[in-house]
Amino acid sequence: MGRATIRAGLGLAALLCGSGLAPFAVLDAQWQATIAARGSAFGPIDSANHTGQAPTEAAVALDASLFLEWGEGRYVARAAPFLRWDPSGARTRADFRELGISAIGECWEIAIGMKEVFWGAAESRRLVDLVNQRDLVGGGDAYLRMGQLMANLTAIRSWGTIDVLVLPWFRERTFDRHSGLLWSPLPVDADRSVYGPGAGTWRLDWAIRWAHTLGPIDLGISHLQGNLREPGFVEITDSGGRAALAPRYDAGGQTGLDLQVAAGGLIWKLEALTADPQPGRYAAAAGGIEYGVGDYLAVFLEYAWDSRGRDATTSFGDDFFVGGRLFLPDGQLSAGAYFDRRTWNTALSVAADWRLGAAITVGLEAGAFLGDSSLEPPLGRRQQTRLAVTVRRYF
């Protein structure tokens, strides 16, 4: 991963000072970039009603980030563009994960622009990560977020850290025709999305979170009011007269709790939420333990639950999760398995990354579903058998 530090010329410094944004004549910049080539292969799905998808996929992606700092660290500008291209065009996108500016004081920070915000603790499900929309296109098992336009005030006090976010623009979840992740009998037509009462693209949503550390305890309580990020689905007829699914976004409130407690070699983790979209209020939780062996191995045991049962848009609503992560001198190996408590349907995944020299890594992802697909929720999130290889070059 390459980095560069740039001392700006007096002309740029004068421009910044003249605009009132920088009281000093030095601009420090750091940048990094990654180019990745990814190929995926998918096995058949044991379901006569499933629409299926192409047996292979390929894509090339560019991720970059630029970090500018001036005023002795009191002002920061960030940009994180990315570009993804694939031959079919279904997963081709250009966007920003971050694009904004921050002002930083001794116990506060104000940020304006596109930003990524992460909240949460559990390994098996990301329940309280309320702010950023998910990008389901081309990410495989990776949990990719889309940049969210916001004004964010962070205040740090002795009794905790408060984040207040004003969110003026809602982003819809990305899907390709078959979503790549939904266990769905019908294709998803993201261009025909619908909004429930009070929901919409341009509306003033808000979120707030209080977080605090008390010795071995890390605690966070959060609330989002506005468009809920997870869509439901309604059946429609597409332009060709075929049945399809359209994402439906509802407005409401979503309250979350994230908790970590360290006790010797164990870390107890919990995420829980309650939300009230149009179909009715529901609750979900995920939690368990992480056990560390030295600095090279972490083992996870968790349970995930969702009160919606078969109406949930996740298969992991009554599941045990077992996983582990092994840190190697030149890479990392991780594996996980979800076991449905009622049906014992099982979803397996393995991922590995190896470093080849200082600037190249090779990644491998594999997954399989074992069990009776007819017992899965109609819109559950289990992928079929799959294998993906990714080569990354860092700059």
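See the values below:
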{"item": "Search result, residues across the stretch 51-103 that are of a type in the set (A, V, I, L, M, F, W, C), within 21 Å of V117 (Cβ to Cβ) and open to solvent by less than 50 Å² (accessible area, probe 1.4 Å)", "result": "A64, L68, V76, A77, A79, A80, F82, A103"}
{"item": "Qualifying residue in the stretch 220-233 (condition: in contact with a Pro (Cβ under 8 Å, 6 or more places away or on another chain), open to solvent by less than 30 Å² (accessible area, probe 1.4 Å) and hydroxyl-bearing (S, T, Y))", "result": "no"}
{"item": "Residue among E235, E302 that is of a type in the set (D, E) and modelled with pLDDT under 95", "result": "E235"}
{"item": "Where a residue in the stretch 83-101 is of a type in the set (S, T, Y) and its partner, wherever it lies, is open to solvent by less than 80 Å² (accessible area, probe 1.4 Å) and not in a strand (DSSP E or B), with Cβ under 8 Å and at least six apart", "result": "S88/A54; T92/D86"}
{"item": "Only listed residue being at pLDDT 95 or above, part of a loop (DSSP other than H, G, I, E, B) and touching an Asp or Glu at 6+ places or on another chain (Cβ under 8 Å), chosen from A122, A79, A103", "result": "A122"}
{"item": "Hey, A304 crowded, with 19+ Cβ neighbours inside 10 Å, hydrophobic (A, V, I, L, M, F, W, C) and either touching a strand residue (DSSP E or B) at 6+ places or on another chain (Cβ under 9 Å) or touching a residue at least 24 places away in the same chain (Cβ under 8 Å) (or both) or not", "result": "yes"}
{"item": "Positions within the stretch 82-100 being at pLDDT below 90 and of a type in the set (D, E, K, R), in sequence order", "result": "D86, R91, R93"}
{"item": "Answer residue from the stretch 125-144, given it is at pLDDT below 90 and open to solvent by 20 Å² or more (accessible area, probe 1.4 Å) and is farthest from A272 (Cα to Cα) among those", "result": "G138"}
{"item": "Conditions (1) among the hydroxyl-bearing types (S, T, Y); (2) modelled with pLDDT of 50 or more; (3) loosely packed, with under 12 Cβ neighbours inside 10 Å; number of the one not met by T5", "result": "(2)"}
{"item": "The stretch 280-299: number of residues that are modelled with pLDDT of 95 or more, surrounded by fewer than 15 Cβ atoms within 10 Å (Cβ to Cβ) and under 17 Å from T314 (Cβ atoms)", "result": "1"}
{"item": "In the stretch 256-279, residue surrounded by the most Cβ atoms within 10 Å (Cβ to Cβ) [restricted to those that are under 20 Å from the mean Cα position of the chain (by Cα) and closer than 20 Å to P216 by Cα]", "result": "E271"}
{"item": "Answer from A207, A211, A246 - the residue that is under 30 Å from V188 (Cα atoms), over 19 Å from the mean Cα position of the chain (by Cα) and surrounded by 14 or more Cβ atoms within 10 Å (Cβ to Cβ)", "result": "A246"}
{"item": "Residues satisfying the stated conditions in the stretch 145-180, i.e. among the hydroxyl-bearing types (S, T, Y) and either surrounded by fewer than 17 Cβ atoms within 10 Å (Cβ to Cβ) or at pLDDT 95 or above (or both)", "result": "T154, S158, T161"}
{"item": "Listing of strands (runs of 3 or more DSSP E) fully contained in the stretch 194-274 that carry 2 or more residues being under 23 Å from T161 (Cβ atoms) and free of Cβ contacts under 8 Å to residues at least 24 places away in the same chain", "result": "202-214"}
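The values are calculated or read from the model by the stated rules, or taken from the named source; none is laboratory data. The shown structure was predicted, so the numbers you read here are calculated from the model rather than taken from an experiment. Quick reminder, even Gly has a Cβ in these numbers, built from the backbone with ideal geometry, and neighbours come from all protein chains shown. Only protein heavy atoms, including side chains, enter the accessible area calculation; ligands, DNA and RNA are left aside. Shrake-Rupley method; radii C 1.70, N 1.55, O 1.52, S 1.80 Å.
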